[in-house]
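I'd like to ask you about the structure that follows.
The values are calculated or read from the model by the stated rules, or taken from the named source; none is laboratory data. Not measured: the values here are computed from a predicted model. Cβ placement follows ideal geometry from the backbone for every residue including glycine, while neighbour counts extend to all protein chains displayed. For accessibility, only protein heavy atoms count, side chains too; no ligands or nucleic acids. Shrake-Rupley method; radii C 1.70, N 1.55, O 1.52, S 1.80 Å.
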Amino acid sequence: MTAAGQWQQALLDAIRDPQWQPDPDFPAAGLAVYRNNYRVGLMEWLAQLYPICRQLLGEEFFTALAREFVRVTPSRSGNLHRYGGELAGFIAGFAPCAGLPYLPDVARLEWALHRGYYAADAAPLAAANLAAIDPASWGRLRFGFQPAACVLASNWPLAAIHAWHQPDSARQPVDMQQPQPLLLYRDSVGDMQLTVLEYAAAAFCHALYQGSTLEQATTAALALDSGFDLQATLLLLLRCGALATVEEAS
Amino acid sequence: MLTSLPACAGIGLRHPHYRQVLQHTPPLGWIELHSENFFDGGQPLAMLQTLAAHYPLSLHGVGLGPGSAARPQRSHLAALRRLLDAVPVAAVSEHLAGNHDAGGHFANDLLPLPYTQATLLQVAANVAEIQDAIGRPLLLENLSAYLHYPHNDMSEAEFLAELVARTGCGILLDVNNLYVNQQNLSVDVAAFLAALPADAIGEIHLAGYSTRQFDDGSTLLVDTHSQPVYPAVWALYRQVLARFGPRPTLIEWDSDIPPLDTLQAEAASAEAMLQELRP
């Protein structure tokens, strides 16, 4: 590496690691500006990305969490929008958050809402596409979801927690014993929507989302609830445009 | 052609004003938005397409870091290309700054780079790769820097001029950045302007800085885009216009963003100075 290249690398390393003893080539005040920009920039981004986590923790706690997350989580993209997806996993292992067992799922929800809002557009799968397929082969079908859609399995009342923290919320009491697995999708104007799935339907949608065939997903749902309504659940997925592609598994 | 922006004043359009501008489409010469906020689809992309139907649009990237010692990130370049395929855009710009290494570690910031012959080879290759990917020339913006490589072979302006000659890129001249560097790093403004090829200046930026005090008693001007354009920067802008002639000029404001009226008033001040040059 050339001397110039080494200088560029040392600058990046010194900015990312505030413990690094500054090279005499780097004036302290200048380096301080870049170090501050780096840390504060990522922390402010996280605060914007995770408004519900921030409200649940309070500003001071959230700032401490964000500072620690930024310290151990390097940025891997020039696009700030890609930063911060690992916060849920980080919270799960962060001892000061141990008293808030639902917080990792709330963070997963907020990340999914962010990614979904900006995700690429894709034409929704129409019921007619499905009707054109020989019913004898339906069991082997696999579905691709919209880039904006996802299924979140959770043991916590995510939709109620989300609703409670909206600016215009009526603040209905939240029953923390009520699991609310979710289907997330983007509606026709581009807003993200949350639909609470019933227990067996959640297992079905989650299996499809993970790449199971229609038969495998149906079997999983029926094992939980013999009254599982396959037709209604498939219609729900089609109606909200959560599906994008269908193919027959080989 | 480097840009099809009109040689009048425009504003940087940011989130707090999206709704107002979409609803009332006020008269704005042109608008500039940050490219990365419109990767990949959904409402943001749809909004950009609507805006493009009303205003000449400039896309300003903050994330490719063509001044890095490593190639541009492929996925980022592909996303930019998809965006340009989806929206009619009059100008595309980035900063002559570094932000990543070959290991894929990023600082989401605009870092200074060494202005040496060796760096020039890498950066020219980066710029050429970006221009090939997007199928059009890129405008490169001069940087506000808070430290610099101690063994430079040339000035930033000479480096930019070399990039123009080697890649056919254009220059986005940020007058506030130039002023900040004059104050922080004693950059010679007259020599800087003299070194830039006039034909390559595709766009001008104006903004406000902040002053930061340090424990050791030193001060730095920081390019915060959080203030009106300072009188000294307006004066430098006149000097720039006298040398290069009228160019599309942007009012940039990114934090503590004021009402749209304030941005329009700043743009009107720039427009008045542009008007003086017109026959």
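For B:Pro114, are the conditions met, namely being within 14 Å of chain A (Cβ to nearest Cβ), at pLDDT 95 or above and either buried (at least 20 other Cβ atoms within 10 Å of the Cβ) or in a loop (DSSP other than H, G, I, E, B) (or both)?
yes
Looking only at the range B:155-170, decide whether some residue is closer than 17 Å to B:Gln239 by Cβ and either of a type in the set (Phe, Trp, Tyr) or surrounded by 20 or more Cβ atoms within 10 Å (Cβ to Cβ) (or both).
Looking for residues that are closer than 17 Å to B:Gln239 by Cβ and either of a type in the set (Phe, Trp, Tyr) or surrounded by 20 or more Cβ atoms within 10 Å (Cβ to Cβ) (or both), one finds at least one in the range B:155-170, hence yes.
So is A:Arg35 within 10 Å of chain B (Cβ to nearest Cβ), open to solvent by 30 Å² or more (accessible area, probe 1.4 Å) and in contact with a helix residue (DSSP H, G or I) (Cβ under 8 Å, 6 or more places away or on another chain) or not?
The answer is yes for A:Arg35.
Tell me which residues, restricted to the range A:237-250, are open to solvent by 40 Å² or more (accessible area, probe 1.4 Å) and either in a helix (DSSP H, G or I) or over 26 Å from A:Gly116 (Cβ atoms) (or both).
Result: A:Arg239, A:Glu248, A:Ser250.
Oh, and also: List the number of the failed condition for B:Ser4; all other conditions in (1) out of contact with any strand residue (DSSP E or B) (no Cβ under 6 Å at 6 or more places or on another chain); (2) over 17 Å from B:Asp85 (Cα atoms) hold.
Only one criterion is unmet by B:Ser4, namely (2).
Residues that are in contact with a Lys or Arg (Cβ under 8 Å, 6 or more places away or on another chain): find the helices (runs of 4 or more DSSP H) completely inside the range A:39-119 holding 3 or more of those.
Passing ranges, in order: A:59-72.
List the residue pairs whose Cβ atoms are under 9 Å apart, where the first residue sits in the range A:159-182 and is in contact (Cβ under 8 Å) with a residue 60 or more places away in the chain, the second is open to solvent by 80 Å² or more (accessible area, probe 1.4 Å) and not in a loop (DSSP other than H, G, I, E, B), and the two are 6 or more positions apart or on different chains.
From residues that are in contact (Cβ under 8 Å) with a residue 60 or more places away in the chain, the pairs are A:His165/A:Gln55.
Continuing with this model, one more query. Just wondering, is there one or more residues in the range A:176-191 that are away from chain B (no Cβ under 14 Å), outside any loop (DSSP other than H, G, I, E, B), under 30 Å from A:Arg54 (Cβ atoms) and open to solvent by less than 80 Å² (accessible area, probe 1.4 Å)? Full working, then the answer.
Keep residues of the range A:176-191 that are away from chain B (no Cβ under 14 Å), which gives A:176-183.
With the extra rule that they be outside any loop (DSSP other than H, G, I, E, B), the set shrinks to A:182-183.
From the residues that got through so far, the ones that are under 30 Å from A:Arg54 (Cβ atoms) too are A:182-183.
Now restrict to residues that are open to solvent by less than 80 Å² (accessible area, probe 1.4 Å): A:182-183.
Yes, that holds for at least one residue.
Of everything in the range B:5-35, what is within 14 Å of the chain's Cα centre (by Cα) and open to solvent by less than 10 Å² (accessible area, probe 1.4 Å)? Give them in sequence order.
B:Gly10, B:Ile11, B:Gly12, B:Leu13, B:Ile31, B:Glu32, B:Leu33, B:Ser35
Scan (1) in a loop (DSSP other than H, G, I, E, B); (2) closer than 22 Å to B:Ala124 by Cβ for the single condition B:Val89 breaks and write down its number.
That leaves (2) as the condition not met.
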